[in-house]
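See below for the structure under consideration.
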Amino acid sequence: MKRILITRPMPARVVAEAETHFDVEMREENTPLKPGQMRGALALYDGILPTLGDMFSAEVFEDAEGSRCRIVANFGVGYNHIDVAAARAAGIAVTNTPGAVTDATADIAMMLILMSARRAGEGERMLRAGRWTGWNPTQMLGTHVTGKTVGIVGMGRIGQAIARRCHHGFGMEVLYYNRSAKAVDIPSRQVESIEALASEADFLVAAVPGGAETRKIIGPEVLAAMKPTAHLINIARGDVVDEAALIDALRERRISGAGLDVYEREPEVPEVLRKMENVTLLPHLGTAALEVREAMGLLAVENLRAFFAGEDPPNPVN
Ligand code: NAP
């Protein structure tokens with residue numbers, strides 16, 4: 001039986017499925033692996049099932065050629081923590097878990113759009129603090145979401161799932177910016193630059209993968225192009241947004257609010273952001289639902305099973 005390392009505690013269904021195919025070791029800690037632990041794992045296991053935070057960098061893969069590990073089956077669609085080229089150079093396959101995460105993450109984007117627009121976090125904080133004096137016609141007036149314009153940066157699986165929700169659920173106009181030309185099955189328009197998108201959107205939503213190509217693509221210029229009434233939503237990766245520039249824009253009220261699920265240096269979230277009332281901050285909840293985490297885990301295990309059975313794994317990352 002092949003030996004597999006699962007780098008975090010997983011839902012019971014995932015562990016049970018993995019154990020039907022493999023000799024499984026699962027770490028009990030929820031902390032990311034350290035570089036030495038990753039090198040050790042490459043030497044000791046046939047396959048590794050890692051996740052966000054396990055930084056499989058080029059240095060980690062440096063001496064991995066000929067190592068026991070043949071596959072790194074990531075738990076999650078985002079794999080910017082794995083140097084895929086370095087893995088390939090060492091002859092190690094990489095897979096991820098797309099699809100399983102799409103709807104849950106799009107739901108969190110909608111939640112952040114609604115919470116940010118309707119000042120839900122601020123209202124809840126006020127009520128819990130005993131500061132609510134009762135309903136009145138001008139209390140906590142937010143922004144109406146229905147019928148507004150959403151601008152989606154990265155029209156992939158999640159971007160399109162957000163677009164469908166915005167169109168069908170909220171009658172919104174859908175605009176998007178994407179690396180390549182993209183045909184979409186709902187009324188929508190592709191825009192030629194992020195700045196152009198930012199200037200038209202009431203809600204600018206980041207849904208691109210993280211990594212070198214997209215680092216800080218939402219920076220000072222994009223934020224400056226946004227309307228003062230607009231909200232920025234980030235469910236993608238923290239490094240996609242220039243956090244310092246965002247803080248400046250919020251502080252100077254150049255944009256109305258932000259809804260964030262991801263941060264530049266997770267789990268560190270700048271104190272200035274935590275103190276702002278017009279910011280909704282979630283602790284990376286995109287896929288945090290039991291069924292979704294089970295589906296992700298089962299998909300990662302299926303990638304491992306197929307790989308070791310000599311089949312093509314369903315979700316190779318190239
Ligand atoms: P996907 O289907 O691969 O979509 C990514 C889209 O981004 C593609 O349409 C791609 O364009 C576009 N893109 C890539 N680089 C770009 C660039 N430089 N400029 C403009 N567009 C670019 O991925 P997905 O399944 O939708 O997931 C997207 C990301 O969401 C993941 O990579 C992950 O980091 C993040 N995520 C976050 C959470 C969370 O918990 N908050 C959960 C799941 C996923 P092309 O058509 O040209 O390829």
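Can we say LEU204 is within 14 Å of the ligand (Cβ to nearest atom) and crowded, with 23+ Cβ neighbours inside 10 Å? Yes; evaluated as a whole, the condition is true for this residue. One residue is enough: does segment 110-120 have a residue meeting the conditions modelled with pLDDT of 95 or more, assigned to a loop (DSSP other than H, G, I, E, B), within 16 Å of the ligand (Cβ to nearest atom) and open to solvent by less than 10 Å² (accessible area, probe 1.4 Å)? No, because not a single residue in segment 110-120 is modelled with pLDDT of 95 or more, assigned to a loop (DSSP other than H, G, I, E, B), within 16 Å of the ligand (Cβ to nearest atom) and open to solvent by less than 10 Å² (accessible area, probe 1.4 Å). May I ask you to say which residue of GLY154, GLY159 is within 16 Å of the ligand (Cβ to nearest atom), free of Cβ contacts under 8 Å to residues at least 60 places away in the same chain, under 17 Å from VAL184 (Cα atoms) and open to solvent by less than 70 Å² (accessible area, probe 1.4 Å)? Just one listed residue meets the conditions, GLY159. The single condition among (1) in contact with a Gly (Cβ under 8 Å, 6 or more places away or on another chain); (2) away from the ligand (no atom under 16 Å from the Cβ); (3) open to solvent by 20 Å² or more (accessible area, probe 1.4 Å) that ALA93 does not satisfy is (1).
Report, by residue number, each residue of segment 244-296 that is acidic (Asp, Glu) and either free of Cβ contacts under 8 Å to residues at least 40 places away in the same chain or out of contact with any Asp or Glu (no Cβ under 8 Å at 6 or more places or on another chain) (or both). Working first, answer last.
Of segment 244-296, the ones acidic (Asp, Glu) are 248, 252, 261, 264, 266, 268, 271, 277, 291, 294.
ASP248, GLU252, ASP261, GLU264, GLU266, GLU268, GLU271, GLU291, GLU294, listed by residue number.
Does ASN318 satisfy the criteria of being modelled with pLDDT under 95 and polar (S, T, N, Q)? Explain how you work it out, then say what you get.
Numbers: modelled with pLDDT under 95: yes; polar (S, T, N, Q): yes.
It is true that ASN318 is modelled with pLDDT under 95 and polar (S, T, N, Q).
For segment 1-49, filtered to residues that are assigned to a helix (DSSP H, G or I) and open to solvent by less than 20 Å² (accessible area, probe 1.4 Å), the residue that is nearest to ASN303 (Cα to Cα) is ALA18.
Tallying residues that are surrounded by 15 or more Cβ atoms within 10 Å (Cβ to Cβ) and either under 15 Å from SER116 (Cα atoms) or within 16 Å of the ligand (Cβ to nearest atom) (or both) within segment 215-224 yields 6.
Within segment 177-201, restricting attention to residues that are open to solvent by less than 20 Å² (accessible area, probe 1.4 Å) and in contact with a Leu (Cβ under 7 Å, 6 or more places away or on another chain), the residue that is farthest from PRO228 (Cα to Cα) is VAL191.
For the condition in the same structural domain as VAL14 (by TED's automatic domain parsing) and within 19 Å of PHE308 (Cβ to Cβ), PHE75 qualifies. Candidates in segment 259-318 are the residues that are surrounded by 20 or more Cβ atoms within 10 Å (Cβ to Cβ) and assigned to a strand (DSSP E or B); of these, the one that is farthest from the chain's Cα centre (by Cα) is VAL279. The residue of segment 227-240 that is surrounded by the most Cβ atoms within 10 Å (Cβ to Cβ), among those that are more than 14 Å from PHE203 (Cα to Cα) and touching a helix residue (DSSP H, G or I) at 6+ places or on another chain (Cβ under 9 Å), is ALA236.
The values are calculated or read from the model by the stated rules, or taken from the named source; none is laboratory data. This is a predicted model, so every value here is computed, not measured. Heads up, the Cβs are rebuilt from the backbone with ideal geometry, glycines too, and the neighbour counts pull from every protein chain shown. Just the protein is used for accessible areas: all its heavy atoms, side chains included, with ligands, DNA and RNA removed. Shrake-Rupley method; radii C 1.70, N 1.55, O 1.52, S 1.80 Å.
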